[in-house]
Amino acid sequence: NIFLLSYFNYYSRFFKIEDKPDNIRKIHNKNIKVLGGTIIFINIFLYSIFYLIFDSNYLSSVHESQKNFIIFIISALSMYIIGLIDDKKNLPALNKLIFTIVIISISLIMNKKIISEINFSFLSQSIFLGQFSFFFTLFCYIIFINAFNMLDGINLQVGLYSSFVILTLIYFGLDMIFSISLLFGLSVYNYFNSKNKIFLGDNGCLFLSYIFAYFFIDLFNKNKIIYSD
């Protein structure tokens, strides 16, 4: 992260994907690199490589099993790649939705992290979803990812929101080392975003929102987050 902060002008030249103004929805006055998601991804990639090599027991203890962690990382990486392609090629919305549904569905089938009940603070009993659990979980992912993506339009808006979400998840029990890896990447992004040098882009929005949705559900299923609302 010190390198990312200190040598931005050096490495950013090699990143060719930019958000171009159109004077309709995009009113910035110059092309802006959509490098934010890549910076955050680099942090999580290094975190993953380090612990897969040197301390796989840690990954198993935090993510229940090394297999679960690998499924999670591959799914997050796939979301990042879809976002990167969208930033470069401007994918049709339906195509992006289909790719997103396929990635999340495969992830849910393989790691079984689904919402089986809804527990509202204002109801005395939980609502059990039964055979609708898979589809409801998939629906929640898609709705959250789309809502999150809409935040990426005003400098620092999505970055500060994401920082708040991570701090909230830490409070509810998200692993501190993983959280710090995310926060370091977000801090670098927020700094350059405040200077109007980079945007998060679809690559960052899809990557981050998938991670947040995953851990909202994971912590809820572990009874660390008590209420669905």
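Measuring r between the beta carbons of K16 and L151 and using R0 = 22 Å, the FRET efficiency lands at 0.30. Remind me, relative contact order of the chain in percent, using alpha carbon pairs under 8 angstrom and six or more residues apart? Relative contact order here is 32 percent.
The residue among C140, S228, N90 whose Cα reaches farthest toward the positive pole of the charge dipole of the chain, with charges on the beta-carbon of Lys, Arg, Asp and Glu, is N90. A cut-off under 10 angstrom between Cβ atoms defines the neighbours of S61, and their net charge, with Lys, Arg +1 and Asp, Glu -1, is -3. Using a probe radius of 1.4 angstrom, the carbon and sulfur fraction of the accessible surface of segment 145-193 is 72%. Ratio of Rg to Rh for segment 64-181: 0.98 [Cα atoms; Kirkwood radius as inverse mean 1/r over pairs].
Computed from Cα atoms, the angle from the helix 66-89 axis to the main principal axis of the chain rounds to 40 degrees. Here the sum of -39500 (n - 2.57) over DSSP H runs of 4 or more residues, divided by the residues of the chain, equals -22000 deg cm²/dmol at 222 nm, to the nearest 500.
About its Cα centre, the dipole of segment 52-111 is roughly 220 debye, where the only charges are +1 on Lys and Arg Cβ and -1 on Asp and Glu Cβ.
All other residues with a Cβ under 15 Å from the Cβ of S181 taken together, and with Lys, Arg as +1 and Asp, Glu as -1, what is their net charge? Residues near S181 contribute -2 overall. In a reduced charge model with +1 at each Lys and Arg Cβ and -1 at each Asp and Glu Cβ, the chain shows a dipole moment near 620 debye about its Cα centre. Summing +1 for each Lys or Arg and -1 for each Asp or Glu among the other residues whose beta-carbon sits under 15 angstrom from that of K222 gives -1. Between Y161 and M110, the C-beta separation translates, for a Förster distance of 45 Å, into a calculated FRET efficiency of about 0.95.
When each of the peptides 204-214, 114-124 is scored by the mean number of other C-beta atoms lying within 10 Å of its residues, the order from highest to lowest reads 204-214, 114-124. Nearest 20 debye, what's the magnitude of the dipole of segment 152-229 about its Cα centre given +1 on Lys and Arg Cβ and -1 on Asp and Glu Cβ? About 200 debye. Across the chain, Cα-Cα distances exceeding 24 Å account for 46% of all pairs. Residues of segment 191-229 with an amide N closer than 18 Å to a point placed 7 Å from the Cα of S126 along the Cα-to-Cβ direction: 215-229.
Accessible area per residue for the chain, computed on protein heavy atoms with a 1.4 Å probe, is 54 Å².
The values are calculated or read from the model by the stated rules, or taken from the named source; none is laboratory data. What you see is a predicted model; the values in this text were computed from it and never measured. No Cβ is skipped: glycine too gets one built from the backbone with ideal geometry, and neighbour counts run over all protein chains shown. To get the accessible areas, we keep the full protein, side chains included, count just its heavy atoms, and leave off ligands, DNA and RNA. Shrake-Rupley method; radii C 1.70, N 1.55, O 1.52, S 1.80 Å.
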